[in-house]
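What follows is one structure encoded as structure tokens, with my remarks underneath.
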Amino acid sequence: MAHTQNLSNLIANWNGQLMPLTEVKVSVLDRGFLFGDAVYEVIRLYGGKLFRVEDHLSRLSDSLNSIDIKGVDSGKIRSMLKATIRESGLDDALVYLQITRGEAPRTHHYPDSYMPNILMYASPFNNPYAKEHETGVSAVTHPDIRWGRNDIKATSLLANCMAADYAKRHGAMEVVFIDADGIMTEGSHTSLFGILNNKLVVSPSSSKVLPGITKRQVLELAKETNVELDERRLKENEIYELDEFFLAGTPEELISITKVNDKQIGDGKPGPMVKKLHQSFRDSVSKHLTSL
Ligand SMILES: Cc1ncc(COP(=O)(O)O)c(C=O)c1O
């Protein structure tokens, strides 16, 4: 995937102030910097409009509530998003949005008073996964070494970074996280789905599995197109028996996984169900777009 970015061209919205991204300065006492005490969202902009923005904002609100960050006004978030998109001048982009608890003397417990810091920026995104959509990708299994609250979209992603780097070093695009019970959870930054006997197999969202927005869309599409859903915990050895396997995420949409740990899945090519679901996904995007 060609993923080069000229950061110096990007405009940040820092607490409502628009400025070059590379010029935003933050205190070393910001709890996002010290503890990863922060949550985030990545929202796709298609043709200048936001995809499933209400779902992203609702998940953001769940994440904020889970870690008790108070004082973030949803009206402010919306007006900041609007200004960020307008100022970027972009049509096809990824909008990154992060909220930290803000600056406070360093204590583990939450400070009594704080002012959250809000950062947003849009970066150009013009389907860098065209090749992967065509050919499929490989994945490698990795122990799920993350914490026990993966439903919170927190910026403290060291375990995910370690796993993603392991995948890269092994020539794979993603990891398949396997928990201590030998069950597949998700990828380091994507949701995972299998196709077995024409059924869509997916891990239920839980404290171990993020409720992905792309996942939600795939589940809705499966229902609309009468694909039977088998929401269950898939054992590691069952992965190799799948007819098809795919990952799903905001930047990736749906990408077929054709190999896991060098073992071929199905016939080793993107299968008909993944292709069909991805096409339905693309056809349905326009129904979920909002301009703020
Ligand atoms: C762990 C994890 N699972 C799944 C996803 C996919 O979520 P979404 O479809 O909302 O992009 C992400 C996205 O960052 C993620 O980090």
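General remarks:
- Candidates Lys275, Lys25, Lys168, ranked by Gaussian network fluctuation over the chain, Cα under 10 Å, top entry: Lys25
- Degrees separating the helix 158-169 axis from the principal Cα axis of the chain, which is the longest one: 50
- For the chain, the dipole from Cβ point charges (+1 on Lys and Arg, -1 on Asp and Glu) about the Cα centre works out to 460 debye, to the nearest 20.
- Cα gyration tensor shape of segment 9-72, rounded if a/c is under 1.5, else prolate or oblate by comparing a/b with b/c: oblate
- Length-normalised contact order of segment 118-263 in % [C-alpha pairs under 8 Å, at least 6 apart]: 29
- Between segment 240-274 and segment 78-149, the alpha-carbon center distance in angstrom: 25
- Judged by the ratio a/c of the largest to the smallest principal axis of the C-alpha gyration tensor, segment 55-166 counts as oblate, that ratio being 1.5 or greater while a/b is no larger than b/c.
- Each listed q (0.19, 0.25, 0.26 Å⁻¹) maps to a log10 I(q)/I(0) for segment 62-118 from the Debye sum over equal C-alpha point scatterers, namely -0.77, -1.06, -1.11.
- Global geometry of segment 130-285, whether rounded, prolate or oblate, following the gyration tensor of its Cα atoms and the 1.5 cut on a/c: rounded
- Compactness ratio for the chain: Cα radius of gyration over 2.2 N^0.38 Å (N = residue count) comes to 1.01.
- Calculated over segment 7-124, the projected area of the Cα convex hull averaged across directions stands at 6.9 nm².
- With contacts taken as Cα pairs under 8 Å and at least 6 residues apart, the chain reaches a relative contact order of 19 percent.
- Sorted by Cβ neighbour density within 10 Å, fewest at the top, the residues Met273, Met162: Met162, Met273
- Highest-fluctuation residue, Asp68, Asp230, Asp179 considered, GNM on the chain with Cα pairs under 10 Å: Asp68
- Each of Phe177, Phe246, Phe125, Phe33 was scored by other Cβ atoms within 10 Å of its Cβ. Arranged with the fewest first, they read Phe33, Phe125, Phe177, Phe246.
- Relative contact order (%) - criterion: Cα under 8 Å, at least six apart; region: segment 7-124: 38
- Rounded tilt (10° steps) of 213-224 against the dominant C-alpha axis of the chain: 40
- Taking other C-beta atoms within 10 angstrom as a stand-in for reagent exposure, Met184, Met120 fall in the order Met184, Met120, fewest first.
- The distance separating the Cα centre of segment 1-76 from that of segment 183-230 comes to 26 Å.
All of the numbers you see were taken from the coordinates with simple rules; none came from a lab. No experiment lies behind these values; they were computed from the predicted model shown. Positions of Cβ are backbone-derived with ideal geometry, glycine not excepted, and every protein chain shown enters the neighbour counts.
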